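Below is one structure; the comments refer to it alone.
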Amino acid sequence: MNASEIKSNSPYAERNSQRPHVPILAFHKVDPRFEWGVTRTTPQQFRRILNYLKTTGYQTVSLQDLSDPSHPLPAKPVVLTFDDSYESVYAHAYPAMMEFGFTGTIFIITDYIGALNRWDINLGWLTFRHLNWDQILEMKKNGIEFGSHTHRHPDLTRVSDERIERELEYSKKILEERLGEKVPFISFPFGRYNEKIVQKAKEIGYVHACAFWNSLKNSDESFVFERKAYYLFDTLWNLKAKLGCNFWTHCEVAKLRIINFCSHGTSLVKPAS
């Protein structure tokens, strides 16, 4: 089955034409520990974000809800996603989300479940632990959704076709066996992908992917959900821009492109192993 056949046969293919703009926020660590990088959000920042969303009428929806054209959405929907599956999400983000009545989606690097983030550069030799299976299964029971972030977090645009297939397929298989349910969503590491990666993801059985913008310039492809990442230096003003769809939102996208370009360092210093 080729990519066009997969697209036309999917009940989700027309999602973008049937849904209004739904903001999808992306987080990484939610951790009080100092580090030199900017992908961290402090627990205090995260609670301010949730409080703003709650007091302004936003309600969280899952990617599954967003993907299903027949599923009704609230008046002000928002999706909360977390890349890299850090243990700090369980320690700090998850309790706050339960308190506010929110849900979210966590993308897991399956080969690092319960392990330290040796795949990352870790400036200053600081390391951070990833979620273990007990934590994952507890959160699943309480409505948290899980997706794949590949098996070892390589930049998929820099590895062989065989490695792409292994990273996408093996992580999905592990998660489905342990979670006892289908895993239809993947977040591409570093937000990088191309037509070949999208086609392979569809063939393996993913329904949608997450990235930070649509890299398929010559396609009306609705497979990729575009997200806005929230970083350590962001404020509530930046949050409002990320939630909207206006001039300031485009400014946020430009900023995110610069930050994403800088993340090339990880794949260059620590090439896929």
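Residues are listed down the side, and each one gets a yes or a no for (1) at pLDDT below 95; (2) of a type in the set (Ser, Thr, Tyr):
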site: LYS141; (1), (2): no, no
site: ARG152; (1), (2): no, no
site: GLU169; (1), (2): no, no
site: GLY191; (1), (2): yes, no
site: SER219; (1), (2): yes, yes
site: PHE223; (1), (2): yes, no
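Quick check: anything in the stretch 96-111 β-branched (Val, Ile, Thr), assigned to a loop (DSSP other than H, G, I, E, B) and touching a strand residue (DSSP E or B) at 6+ places or on another chain (Cβ under 9 Å)?
Of the residues in the stretch 96-111, the ones β-branched (Val, Ile, Thr) are 103, 105-106, 108-110.
Adding the requirement that they be assigned to a loop (DSSP other than H, G, I, E, B) leaves 103, 109.
Applying the additional criterion that residues be touching a strand residue (DSSP E or B) at 6+ places or on another chain (Cβ under 9 Å) yields 103, 109.
Yes.
I need the full set of residues from the stretch 85-140 which are among the acidic types (Asp, Glu) and over 18 Å from SER171 (Cβ atoms), in order please.
Answer for the stretch 85-140, where residues must be among the acidic types (Asp, Glu) and over 18 Å from SER171 (Cβ atoms): GLU87, GLU99, ASP134, GLU138.
Give the residue that is modelled with the lowest pLDDT, with candidates limited to residues of the stretch 32-64 that are among the polar types (S, T, N, Q) and either under 17 Å from ALA229 (Cβ atoms) or surrounded by 14 or more Cβ atoms within 10 Å (Cβ to Cβ) (or both).
Ranking the candidates gives THR39 first.
Cβ contacts < 7 Å: first residue farther than 15 Å from ASN214 by Cα, restricted to the stretch 236-258; second residue of a type in the set (Asp, Glu) and surrounded by 17 or more Cβ atoms within 10 Å (Cβ to Cβ), any location; separation 6+ or different chain. Result?
Matching pairs, first to second residue: ASN238/GLU252; ALA241/GLU252; LYS242/GLU252.
In the list TRP133, TRP125, which residue meets the criterion of being exposed (fewer than 15 other Cβ atoms within 10 Å of the Cβ) and free of Cβ contacts under 8 Å to residues at least 24 places away in the same chain?
Result of the check over TRP133, TRP125: TRP125.
Can you find a residue that is touching a strand residue (DSSP E or B) at 6+ places or on another chain (Cβ under 9 Å), surrounded by 19 or more Cβ atoms within 10 Å (Cβ to Cβ) and over 16 Å from TYR90 (Cα atoms) anywhere in the stretch 137-149?
yes
Does ASP120 fit the bill of being outside any loop (DSSP other than H, G, I, E, B) and either under 29 Å from LYS200 (Cα atoms) or without any contact (Cβ under 8 Å) to a residue 12 or more places away in the chain (or both)?
Against the criterion (outside any loop (DSSP other than H, G, I, E, B) and either under 29 Å from LYS200 (Cα atoms) or without any contact (Cβ under 8 Å) to a residue 12 or more places away in the chain (or both)), ASP120 does not qualify.
Restrict the check to the stretch 41-51 and report whether at least one residue is out of contact with any helix residue (DSSP H, G or I) (no Cβ under 6 Å at 6 or more places or on another chain), within 30 Å of GLY205 (Cα to Cα), of a type outside the set (Gly, Ala, Ser) and free of Cβ contacts under 8 Å to residues at least 60 places away in the same chain.
no
How many of the residues making up the stretch 58-109 are among the hydroxyl-bearing types (Ser, Thr, Tyr), more than 19 Å from PHE128 (Cβ to Cβ) and touching a residue at least 12 places away in the same chain (Cβ under 8 Å)? Break it down stepwise before answering.
Kept after step one, since they are among the hydroxyl-bearing types (Ser, Thr, Tyr), are these residues of the stretch 58-109: 58, 60, 62, 67, 70, 81, 85-86, 88, 90, 94, 103, 105.
Next, only the ones that are more than 19 Å from PHE128 (Cβ to Cβ) stay: 58, 60, 62, 67, 70, 103, 105.
Narrowing further to those that are touching a residue at least 12 places away in the same chain (Cβ under 8 Å): 58, 60, 62, 67, 103, 105.
The total comes to 6.
The values are calculated or read from the model by the stated rules, or taken from the named source; none is laboratory data. Being a predicted model, the structure only gives us computed values, none of them experimental. Cβ atoms come from the backbone with ideal geometry, glycine included; neighbour counts cover every protein chain shown.
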